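Everything below concerns the one structure shown next.
The values are calculated or read from the model by the stated rules, or taken from the named source; none is laboratory data. For clarity, every value in this text was computed on a predicted model and none was experimentally measured. Here the Cβ positions follow ideal geometry from the backbone for every residue, glycine too, while neighbour counts run over all protein chains shown. Accessible surface is based on the protein model in full, side chains and every heavy atom, while ligands, DNA and RNA are left aside. Shrake-Rupley method; radii C 1.70, N 1.55, O 1.52, S 1.80 Å.
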Amino acid sequence: MKCSWQEGNKITLLENGDNFYPAVFNAIDKAQRKVILETFIWFEDGVGKRLHEVILRAAQRGVEIEVLLDGYGSPDLSDDFVNQLTSAGVVFRYYDPRPRLMGMRTNVFRRMHRKIVVVDETVAFVGGINYSDEHMSDYGPEAKQDYAIRVEGPVVQDILLFELENLPGHAAARRWWKRHHRPEENLHPGEAQALFVWRDNEEHRDDIERHYIKMLANAKREVIIANAYFFPGYRLLHAMRNAARRGVRVKLIVQGEPDMPIVAVGARLLYDYLVKGGVQIYEYRRRPLHGKVALMDDHWATVGSSNLDPLSLSLNLEANLIIHDRQFNQTLRDNLTTLLREDCVRVDDTMVPKRTWWNLGKSIVVFHFLRHFPALVGWLPAHTPKLAQVPAPVQPEMETQDRVEAQNTGVKP
């Protein structure tokens, strides 16, 4: 399928789990027909148990529910936790579950990294927030800073159709050639417009990256990109520098307190190239940044699951919503401006790695390794990721139960 710009949507920014979880749980509690939920991570903690409760309630009142989790991101849910849902009729699937090797997870690449919820045909959620306590602000210093959106309107139908096409047995016919789609142009810019875009390993391999590059080429005044895992390809880096050199204020927010040390190492290898080109880089220092959002001028914005790194841009299954709406743009701008003012440190020349032969050599090696990382992965023994459905526990038939009771009591059934 190919989505087009849809008008007449109502889009709400949700910051962190504090705003996201109540909105999702409330929508599921009000569901009447169908709920589709997919996520990278679902932990069996406080937040995960609350999600379990609302899904179980919905299933028990007859709502049709489909759940898809990534086999790498959510490997540790207990059998009892899952069986309670499948016994109530929930269709529960894992994307590419694979056995551990010496206790280590082996399904590292081509992850299902999307975070989407669709309730009936009326409301959808898209973003970067998983289901775990670490997305709540009271989690502590390691609480993640993140974003999602709640959307009502015509674009919900596009998201629903995308989900239905990706269910087993409903996939659209695949072409023997791999056609690359160009970014969908907004020929009639207005308000409350939205476009659903995704990245897969078929015909939409670089759709999200292309939208970023097109946005940077069209920018006239300001671009703000906040991205947790930042190590894009040369095309996107070049587009950022080009925008800055023609006078656009290009601001990049990256992790200053990363959840994985290698994240900072990779991003800082790019500081010299970007700062010298006029890009303003800010490190977010309050806690780990997990957001994947951006805005341009006073109308364009995006929120989704896609990082700007080799995994998200070349291997993972991702989904973003592109938004053309001044009010939403201003809401996101106000939020990111507060982060820049209160919780970020701007990178200056003193923070840029010194230009020594050692740093130069290290940068070249790491840069080219990461950029060719997807191709290197392609040399590994290939497999087609599959969806594995968790069967419901076998329930004894009532007649069998009656016979057992009759044998124990001596009474005929």
* Relative contact order, percent, of the range 186-292 when contacts are C-alpha pairs under 8 Å separated by at least 6 residues? -> 27 percent
* R50 label point, 7 Å along Cα→Cβ, cut-off 12 Å on backbone N: hits in the range 9-31? -> 17-26
* Asked: Per the 1.4 Å probe, what fraction of the accessible area of the range 1-104, in percent, lies on carbon and sulfur atoms?
  -> 48 percent
* Would you mind working out the magnitude of the charge dipole of the range 281-359 relative to its Cα centre, with +1 at each Lys and Arg C-beta and -1 at each Asp and Glu C-beta, to the nearest 20 Debye? => 260 debye
* Local charge sum around A88 (other residues, Cβ-Cβ under 14 Å, Lys/Arg +1, Asp/Glu -1)? -> -2
* **Antiparallel %, DSSP beta bridges [both residues in the range 246-351], to 5** => 70 percent
* **Inter-label distance for S4 and D79, nm, one decimal - labels placed 7 Å from Cα along Cα-to-Cβ** => 5.1 nm
* Structure fact -> Neighbours of F328 by Cβ distance under 15 Å: Lys/Arg at +1, Asp/Glu at -1, summed charge -4
* Asked: Once the Cβ-Cβ distance between V345 and Y234 is put in as r, and R0 is 25 Å, what FRET efficiency do you end up with, to the nearest 0.05?
  -> 0.40
* Contour minus Cα-Cα distance for Q60 and A388 (0.36 nm per residue) -> 115.8 nm
* Most to least packed among 21-32, 230-241, 291-302 [average Cβ atoms within 10 Å] -> 291-302, 230-241, 21-32
* Asked: When the dipole is taken about the Cα centre of the range 11-136, and only Lys, Arg (+1) and Asp, Glu (-1) are charged at their Cβ, what size is it in debye, to the nearest 20?
  -> 360 debye
* Asked: By how many nm would the segment from S87 to T122 lengthen if fully extended, with 0.36 nm per residue of separation less the alpha-carbon distance?
  -> 9.9 nm
* Asked: In square angstrom, rounded to the nearest 10, how much accessible surface does S87 have for a 1.4 Å probe?
  -> 70 Å²
